[in-house]
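The values are calculated or read from the model by the stated rules, or taken from the named source; none is laboratory data. All values derive from a computational prediction rather than experimental measurement. Because the Cβ atoms are built from the backbone with ideal geometry, glycine has one as well, and the counts that use them run over all protein chains shown. With ligands, DNA and RNA removed, areas are computed over all heavy atoms of the protein, side chains included. Shrake-Rupley method; radii C 1.70, N 1.55, O 1.52, S 1.80 Å.
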Amino acid sequence: MTDNSAKLKPEQIREKFTICAVDNSAAMCNDLKGLLIQMGFNSKNIFTIYGARAGNETSQMLDVYKSYEDELSWRIPKLHFLEWDMQGITGLELLKKIRGCDDPRISNMIVIIATSNAVKEKVVSAINAGVDHFIAKPLSPDILAKKFKEISSKLFMNVENMIHSFPHEINNIIEAFNKVIAMDIQNDRALKLKNAFLSNNKEEVAAIVGDKVANGKNSAVSGKYSRAIGDFDKALELNLSDPAALMEYGKMMMKKTSYEEAVNSFQSAIEFLRGSVEPQQQIREVDLLELLGEAQLKFSMTLEKPDEALESAIKTLERASKLYEDTKNREGKARSLGQIGNVYTARADNAEKEAARTKTAGEASNLMAKAMVHREKALSGYEEALRNDARQSLLLIKLADIYRKTGQEDKAINAMKRAEDIKTDTPESLIEFGKFHLNNGNRETAMSYFNSAKEIISVEDIELYEEILLCLLEHDLPDEAVPFIENIADERPDLYNNLGLAYRRVNRFKDAIETYEKAIQNDLTGDRVAYIFNQAITYKLAGNIPMSIKNLLQAYKTDSSFEKAKEHLQRNCSELCDKALQNLMSSDIASAARNFKLAYIADPSSQKARDGLLKLKVDYASIPSENELSQLGITSPSEIIEGIRSMRQGLSY
């Protein structure tokens, strides 16, 4: 086990800490979220629930967390900010529900009530119900930090009592320590005592971490990604520097296509492995380097300027290749050299794409020359890899592709012939053969390989299904893509999102909307906001603008840092305003009014929408009703109604 006292970072505990802010006001929630981010909390772990139904929605969320047991443990907030005076279920009622829950993950939450009206009777009621602290509105960074320190000190006394009374409840004690440290990362007494506790219980902690990692791996294999993440998070709570937990967490992030998080996790695993005071029996640095190189390559594909990430991938894989060479492992060396070839291929592809976008002939010529240099390096990497392991058919396919792109047709044909001669009927090799033929215009041959691969792919190998699916979609073959996952999606809910994308590409919008709804309802991966957003885009393509706006508002409400939702709301607003102006030109006043109203709902800050409503001289009869706005998912319909009414003030008709 790694030396925890040397590696423990309070900032990492704070970054992982989950918080939920509940208030009538969106502005209040967003202000609080901004303050928390300034203090070092991770925006992805700060959830906000606001509007007229905030109390009811929070109550429902608590029921969901309880019903899912382990699957959603990693997402359950450790700290709740509650507004006192909410419509429906009040802050005090929520506090009582939290403290009265028989699930300790919920009943042990830290609860702070935020209020601008701290009436004595209310304060006494909240204290009796088990509130941890009060905070006065408006909030400030200094007040927030002071309250957190006070809570941290109070919780620390509880931890000391736990160690004295229940020393063997290691999981609960470490979780309690992490709450103390997250609330005050400068609580030196807590840090020293936690490190001492870990040192005194090394063997017990190591056994628990090992069990959590093993459970997480089993969950990941069966597609229960959220449960796997929960297990790995628990392992890392016990030992933030455990290489095995970090490695498996990184693999989990690769499955979720969270490549930046995967890169960070693998890098931390390597760092802690090198600094370990005790040998790690099951973890090798070279394995982590290969995983890191692959993650860096995939992460680069998400960047507008990928060169730096690709250069890092090359250095990582060169280090792996050297380690394999030192241990005389020719197969491993071939694998890492092949990955280096993949990185240079990606660099060449990026240079060619950039050349196609550039407007000057000289710059385009330079970029194409750069692409050719990268292709030559990729070629060199694949050839050297084959000198170390001549029977890697996958490398021969990639080599053939490079030969073809560099005009060496005879060599390409020879490489493919060699690949066909030694091919093994594994899903991976069949998929690569299919991709090669598809890239070279041989659609029927490609589909034959893909169908053969499908027959032997295990339902657990979700990445292989997705690889075929995305390849077909990239080549604009959505009709062929749908059957590959349509029949197994119900077995693997994590495929719903991609199936929705495929349906959308073949204009099966109703099927796509229903599939995204399944993805939302079965979300155990933490990607619910993305599913809601994708459903919104599909509604728009299907011509249902009100439902599209409803979903975009829901996505933005769920996560105000989800900028795509905000951008699309603003885009919808602009498009609706343009339509409304066209309606006016054709004297279709009713349609103009409807479009201006929808535009205003999508973006109340839009001057264009406001001016349009004023131009129509909206009277009270044409203002959207509470029911109409509620159906659109508007959280504070009364505010919008009052906003439209206020436009009439001072106007002459």
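Which residue, chosen from Tyr465, Thr327, Leu82, occupies the Cα position most advanced towards the positive end of the dipole of the chain, where the dipole is computed from +1 (Lys, Arg) and -1 (Asp, Glu) charges on Cβ about the Cα centre?
About the Cα centre, the residue reaching furthest to the positive side is Leu82.
Counting only helical runs of four or more DSSP H residues, what would the 222 nm mean residue ellipticity of the chain come to if each run contributes -39,500 (n - 2.57) and the total is spread over all its residues?
Calculated from helices alone, the mean residue ellipticity at 222 nm is -22500 deg cm²/dmol.
Given an 8 Å cut-off on Cα distances and at least 6 residues of separation, report the relative contact order of the chain as a percent.
Relative CO of the chain lands at 8 percent.
If you count only protein heavy atoms with a 1.4 Å probe, what accessible area per residue comes out for the chain, rounded to a whole Å²?
It amounts to 47 Å² per residue over the chain.
Apply 1/(1 + (r/R0)^6) to the Cβ-Cβ distance of Thr327 and Glu428, taking R0 = 30 Å, and write down the FRET efficiency to the nearest 0.05.
0.75
How would you rank 340-348, 371-379, 563-571, highest first, on the average number of other Cβ atoms within 10 Å across their residues?
340-348, 371-379, 563-571
Quick check: at a probe of 1.4 Å, how many percent of the accessible area of the chain sits on carbon and sulfur atoms?
Ligands and nucleic acids excluded, carbon and sulfur give 48 percent.
Sorted from largest down, give the three principal axis spans of the alpha carbons of the chain, whole angstrom values.
That works out to 83, 80, 48 Å along the principal axes.
Any chance you could run the full-extension gain for Glu384 through Asp63? It's 0.36 nm times the residue separation minus the Cα-Cα distance, nm to one decimal.
Between Glu384 and Asp63, full extension yields an extra 109.8 nm.
How do Ile488, Ile314 rank by accessible surface area computed with a 1.4 Å probe, from largest to smallest?
Descending order: Ile488, Ile314.
Residue separation times 0.36 nm, minus the C-alpha to C-alpha distance between Ser574 and His164: what's the value?
My answer for the length gained is 141.3 nm.
With all protein chains present and a 1.4 Å probe, how do Ser226, Ser140 order by accessible area, largest first?
Sorted descending by solvent-accessible area, the residues read Ser140, Ser226.
Can you give the extra length, in nm with one decimal, that the chain gains between Met301 and Asn117 once fully stretched, where that is 0.36 nm per residue apart less the Cα-Cα distance?
That works out to 61.1 nm of additional length.
With +1 on each Lys and Arg Cβ and -1 on each Asp and Glu Cβ, how big is the dipole of the chain about its Cα centre, in debye rounded to the nearest 20?
Roughly 1440 debye for the chain.
Can you sort Ser125, Ser429 by solvent-accessible area, 1.4 Å probe, largest first?
So, going from the largest accessible area down, we get Ser125, Ser429.
Which peptide among 259-271, 540-552 comes first, and what is the full order, when sorted by highest mean count of other Cβ atoms within 10 Å?
Descending mean neighbour count gives 259-271, 540-552.
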